[in-house]
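The values are calculated or read from the model by the stated rules, or taken from the named source; none is laboratory data. As the structure is a computational prediction, the values presented were derived from the model and not from experiment. In this analysis, Cβ positions are derived from the backbone assuming ideal geometry, glycine residues included, and neighbour counts consider all displayed protein chains. To get the accessible areas, we keep the full protein, side chains included, count just its heavy atoms, and leave off ligands, DNA and RNA. Shrake-Rupley method; radii C 1.70, N 1.55, O 1.52, S 1.80 Å.
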Amino acid sequence: MQEWRRRHPIQDPFDRLRVNGGDGCRNDSGGKGTVGAGVDTQAFLDDMRSRDGYAGQIVHVESMPHSSAAYGRLSASLNPLLQHALQMREIDRFYTHQAEAIDALLEGKNVVVATGTASGKSLCYNVPVLNACADSSRMGATALFLFPAKALAQDQLRALNELTAPLPVRPPAATYDGDTPQHERAAVRKNARLLLTNPEMLHVGILPNHRLWSRFLRRLRFVVIDEGHMYRGVFGSHIAMLIRRLRRICRRYGANPQFIVTSATLGNPKEHAEALTGLPMTAITDDGAPTAGREFALWNPPIIDDANSIRRSVLVEGAELFSWLVSTGTRTLSFVRTRQAAELMYRISEENLQRYGAGNTQVSSYRAGYVPEERREIEAKLSSGELTGVVTTNALELGIDIGHLDATVLNGYPGSLASTFQQSGRSGRRGERGLSIMVVYDNPLEQYLARHPDILFRRGMEHARISTTNPRILDPHLVCAAVEAPIGEIQGDAELFGGDGVVSAALERLTQESYLIGRKRRGAELWHAHPKAGAHPASDVSLRSTSGDNYVLVEERTGAVLETIAEEHAFAYAHEGAVYLHRGEQFLISELNLTSRNAMLQRTNVEYYTTSMADTDMTVLKTDRERSEGPVKASVGHVDVTRTVYGFNRRRHDRNDVLSRGYLDLPPRSFETVGLWWTVPENLTDKLREHAPTSTNEKEASALADAFVASALHACEHACISLLPLFALCDRNDIGGLSTPHHPDTKEATIFIYDGIPGGVGIAERGYDVLRELWQETLTMLNECPCEEGCPSCVQSPKCGNNNEMLDKRGARLLLEMLLGD
């Protein structure tokens, strides 16, 4: 790449690729002002291929065609006042999915709309809501809009106000979140009929104070849950409990609202929406919106260490792509997975632009954790064109209006097909062709996707998974519900929270732990919150974690509180010696205090990052299901996991290889979760031993055979875990594993894969259901990886507590062939 730069200075590297005139600006159709001119996508990719230093990084280009709009007609008539307001906004017809959703909602059904990015899903709920508000028989109707991010609620409020502007009497609309000034909150409670908020505010601000909201809740007609695909795993499981608490309090006030869930395309939208709400749903999935075509390229960083199959860093490679694009005026979003990665790529990109002589190009980072004023300033500057590019976490994956964008760079697979196309769909949103480039990591899943692009572009979407019976999630919400109104006081409490059996067991646990007290009243037993629970238990229940134990990150020099993180994250990322990024600044963790629950940070500037190492022990508590699968027995059930973080690696930014290691003395953390496992009987391990390295020394030969079996099991475990996200909507970090030649509970060689989230959220159960398919995909991946001994692209894992030692790729292939009967 250095040679590439010398021969092609980047003061104006892609001048010939510019389109739409010489000044690089045009007036955006959304009235947002000047924006970048865009880039000829195919010419850009061709130019990349012709550059010196290009080493075949573009491994696939999918040319995604433009599609035309399909329109439908409403079966029912809208209120004339609303029809006039829509016409004033030049909305005189609806896409097919909009018409179908509006009709279903006007018929009183609960609806989930799962269609593509920028398909106009907001009209699906705004039209029925405003129709009810305009109807003289429903003059007092209210609606609650739930958005996963405050910025999205603010954006939707602007759109809603524009839509209602022509109405003679506009229903009062307001956001209500942590940014709402205290002196304005009483007026919002009293006057708002359309309330836009987020799950956290519903959880800690509205439901615990429902008596202050009784006027609004009594007339609640609609509940909108936007971006429903975001509510999966732990977060989604908490949201399911939160919605049940909301429905419960609505019953108390005699309200029975309709629910509208909008989502990106999912494999199970109806099932997922029904799990979130606990209600039967009508699914609308036939997308009638037009789509702008785009080129979607897969970019595989070059190998820089042939011996170890190490590829160039995704963040370095992605930062160069982002810098090249924005230096030409191409308006670009660069998505990264973590807050730390956002800050790091932003720093690298700024250095690149200075080196390219494009220092005047305005770029920024964007992520959760910024104060509201900062976030809104960045959004406004990106929308107006003042910013050419932004490095962001998935915070900008959502439908926030940031104007026209030309390109998106996805640094790593976002973890799901839904998120992949949400992020890539941010480019080309105004009718012009867009460009998306996904830079893949060297992990097994992403290398497999690079070799099998059909999985991305032609395979069905994954299934979203949540758990409504996880005690670590259910129990805290029952305590919150008891504070809102005693359990048993409102008809149907048990049915709302999972049925008599589930709720009875939870009430018994909470009574024994002194969080609830049972009392008889008029012949019925009611459960009240115990004083131990506190007056406001919702404040102690995080919607994004199953742990109530948090650590505070404090800058040592100033005493300033930087962030608050869950205990499991503190042990993994904020241990002593860890490098932690906050707002683009590097900090070294000088101390993790387990008593005061805080971590002390010192500013630093080093050329490495850190990853933790942990040991895992497993105990089988209960087998829920089991079956024969080929020559082995497969099971799924409850397990107890004990993890001990014992050290960390210091890794170079540009190569990811280990510079040095540090060792820690942290206590073990144990949690109960759900796991799947399969036992490998002795006849199969004996066959594996036949393929082990040999020795004329009998004792040495036996030791080699034992090591070969253990290494085959270990490599098979890593490889299967790496591909499970193909089948379950989850992140690789949500899954853990263990393999052993002999487990005391199964009495045989065993491979475990478990939910890394206490209580489980359905990932292991999904793996159990598709186990044979998982084995087949894993064997294909191992056969196709060109390495000989195993590498980060097939059997090595960055989370491995054994430093990726005792891994045998050949043994894993042999084992999988036996499992599949090959």
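Can you find, among A292, I721, A710, the residue sitting farthest towards the positive end of the charge dipole of the chain, where Lys and Arg contribute +1 and Asp and Glu -1 at Cβ?
Farthest along the dipole direction, towards plus: A292.
Using the Karplus curve 6.51 cos²θ - 1.76 cosθ + 1.60 with θ = phi - 60°, work out ³J(HN,Hα) for each residue of segment 488-493 in order, rounded to whole Hz, and write x for Gly and Pro.
x, 6, 9, 4, x, 4
Helix hunt in the chain: which complete DSSP H runs extend at least 24 Å axially by C-alpha with mean Kyte-Doolittle at least 0.0?
For the chain, where a helix must reach 24 Å along its axis and average at least 0.0, the hits are 233-252, 698-723.
Over segment 553-653, give the accessible area per residue in Å² for a 1.4 Å probe, as an integer.
Accessible area per residue: 46 Å².
Over segment 665-782, what relative contact order in percent results from Cα pairs under 8 Å that are six or more residues apart?
34 percent
V391's amide H: which non-local residues (gap 5+, or another chain) put their own amide H closer than 5 Å, with H modeled 1.01 Å from N in plane and none for Pro or chain starts?
For V391, whose amide H was placed from the backbone, the distant partners under 5 Å are S334, S364, S365, Y366.
Around G254, with a cut-off of 10 angstrom between Cβ atoms, what is the net charge of the other residues, counting Lys and Arg +1 and Asp and Glu -1?
+4
So what's the net charge close to E773: Lys and Arg +1, Asp and Glu -1, counting the other residues with Cβ under 12 Å from its Cβ?
0
Got the relative contact order for the chain handy, in percent, Cα pairs under 8 Å and 6 or more residues apart?
Here the relative contact order equals 12 percent.
Can you give me the relative contact order of segment 678-742 as a percent, contacts being Cα pairs under 8 Å and 6 or more apart?
Relative CO of segment 678-742 lands at 27 percent.
Just to verify a number: what accessible area does K109 come out at with the full protein assembly present, 1.4 Å probe, Å² rounded to tens?
That residue has around 90 Å² of solvent-accessible surface.
Counting DSSP beta bridges in the chain, what percent are antiparallel, to the nearest 5?
60 percent
Which value, in Å², gives the accessible area per residue of segment 171-286 when a 1.4 Å probe is used on the protein heavy atoms?
Value for segment 171-286: 32 Å² per residue.
Counting each DSSP H run of 4 or more residues in the chain as -39500 (n - 2.57), what helix-only mean residue ellipticity at 222 nm follows after dividing by all residues, to the nearest 500 deg cm²/dmol?
-10500 deg cm²/dmol
Aspartates and glutamates near K747 by alpha-carbon distance under 19 Å, same-chain residues fewer than 8 away left out - which ones?
D617, D624, E626, E629, D640, E682, D686, D706, E717
When the accessible area of the chain is split by element with a 1.4 Å probe, what percent falls to carbon and sulfur?
Solvent-exposed carbon and sulfur of the chain make up 46 percent of the total.
If the reach is capped at under 17 angstrom between alpha carbons, list the aspartates and glutamates near K532, excluding any in the same chain fewer than eight residues apart.
Leaving aside aspartates and glutamates fewer than 8 places away in the same chain, those within reach of K532 are D475, E484, E508, E513, D540, D549.
Quick one: which residues, 5 or more positions from E107 or on another chain, have an amide H under 5 Å from its amide H? H modelled 1.01 Å from N in the peptide plane, none for Pro or chain starts.
Placed amide hydrogens put nothing under 5 Å from E107.
Roughly how big is the chain's charge dipole about its Cα centre, with Cβ charges of +1 (Lys, Arg) and -1 (Asp, Glu), in debye to the nearest 20?
3040 debye
Using a Cα-Cα cut-off of under 23 Å, which lysines could be cross-linked to K150, ignoring same-chain neighbours fewer than 8 residues away?
Leaving aside lysines fewer than 8 places away in the same chain, those within reach of K150 are K32, K121, K190, K381.
What does the charge count around R73 come to, taking other residues whose C-beta lies under 11 Å from its C-beta (Lys +1, Arg +1, Asp -1, Glu -1)?
Computed value for this residue: -1.
In Å², and per residue, what accessible area does segment 391-506 have when probed at 1.4 Å with the other protein chains present?
Each residue of segment 391-506 exposes 26 Å² on average to a 1.4 Å probe.
Quick one: what are the phi-derived ³J(HN,Hα) couplings along segment 623-630, Karplus 6.51/-1.76/1.60 with θ = phi - 60°, whole Hz, x for glycine and proline?
Karplus-based 3J(HN,Hα) across segment 623-630 equals 9, 8, 9, 8, 7, 7, 10, x Hz.
Which whole-Hz ³J(HN,Hα) couplings does segment 55-65 yield from phi under the Karplus relation 6.51 cos²θ - 1.76 cosθ + 1.60, θ = phi - 60°, glycine and proline marked x?
Working through the residues one at a time gives 10, x, 4, 7, 9, 6, 10, 9, 8, 8, x Hz.
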